[in-house]
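These notes are about the structure you will find just below.
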Amino acid sequence: MTQNAEREQEQQEGSAEPAGPPEIAFVGDITENASDLTEKLLAVPEGGECTLYFDSPGGSPYCALSITTLMIIRGIRATGVVTGECSSASIWPLAACNRRFVTPYSALLFHPMRWQSEENVQLPEAAEWARHFAKLEGRMDELLAELFGLPLERVSEWMRPGRYVSGTEFADAGLAEVLDLAQICADNRKAAAEESTD
């Protein structure tokens, strides 16, 4: 019996056993999806495994820090797969993954943190925001370097003034494995052909 047939049979029999580690998509702005992403990560048992798929331009650094913290303190053993873009704030949850995969077409934008405030902010408040963000930015860069196991200088080179890093370059830095999409496609076709002859 094929794996697909086994899964269908389990579903029909009302099996409560999951088919494998949960899969969670980080698609779009993580700020807009923070509640949903947090809920899905909380559904992963402490110390459990999951697979995260990334195609995100980023979002709030606070959301990124919250999600990353949640992954770390719950001991989630995540595999991160960059299917498209993983940029800006979305890089922090990727860094918290135990194993990472990219394609040669993946893009990762590293840049300094950006902040916004309300239109009518007064000068003292703006100055305090600038001071706070400068300190937070430095600490988050240190955390990113530690999670990736890179020297802080390397992270700083990518961050300032801001740089797109290709999937291949990211893998060459020892931070991920490259998925050969053409080979995977060929393997899938071969498996499908073998299934149809069984």
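Every number here is computed from the coordinates shown, using simple stated rules; none is lab data. Keep in mind it's a predicted model, so treat the numbers as computed, not measured. Backbone-built Cβ (ideal geometry, glycine too); neighbour counts: all protein chains shown.
Extension gain, Asn98 to Ser35: 0.36 nm times the residue separation minus the Cα-Cα distance gives 20.4 nm.
With a Förster radius of 25 Å, plug the Cβ-Cβ distance of Ala19 and Val178 into 1/(1 + (r/R0)^6) and report the FRET value to the nearest 0.05. Rounded to the nearest 0.05, the efficiency is 0.45.
Residues whose amide H falls under 5 Å from that of Ile24, counting only those 5 or more places apart or on a different chain, are Thr51, Leu52, Tyr53, with hydrogens built in the peptide plane.
What does the charge count around Pro151 come to, taking other residues whose C-beta lies under 15 Å from its C-beta (Lys +1, Arg +1, Asp -1, Glu -1)? Here the count lands on -3. Full extension of the segment from Glu195 to Phe133, taken as 0.36 nm per residue of separation minus the current Cα-Cα distance, would add 16.7 nm.
Report note on the peptides 155-168, 177-190, 36-49: ranked by the mean count of other C-beta atoms within 10 Å, highest first, their order is 155-168, 36-49, 177-190. Residue by residue, segment 161-169 carries 3J(HN,Hα) couplings of x, x, 8, 7, 10, 6, x, 5, 5 Hz when phi is fed to the Karplus relation 6.51 cos²θ - 1.76 cosθ + 1.60 (θ = phi - 60°); x denotes Gly or Pro. Note on Asn188/Ala43: beta-carbon distance plugged into 1/(1 + (r/R0)^6) with R0 of 22 Å gives a FRET efficiency of 0.15.
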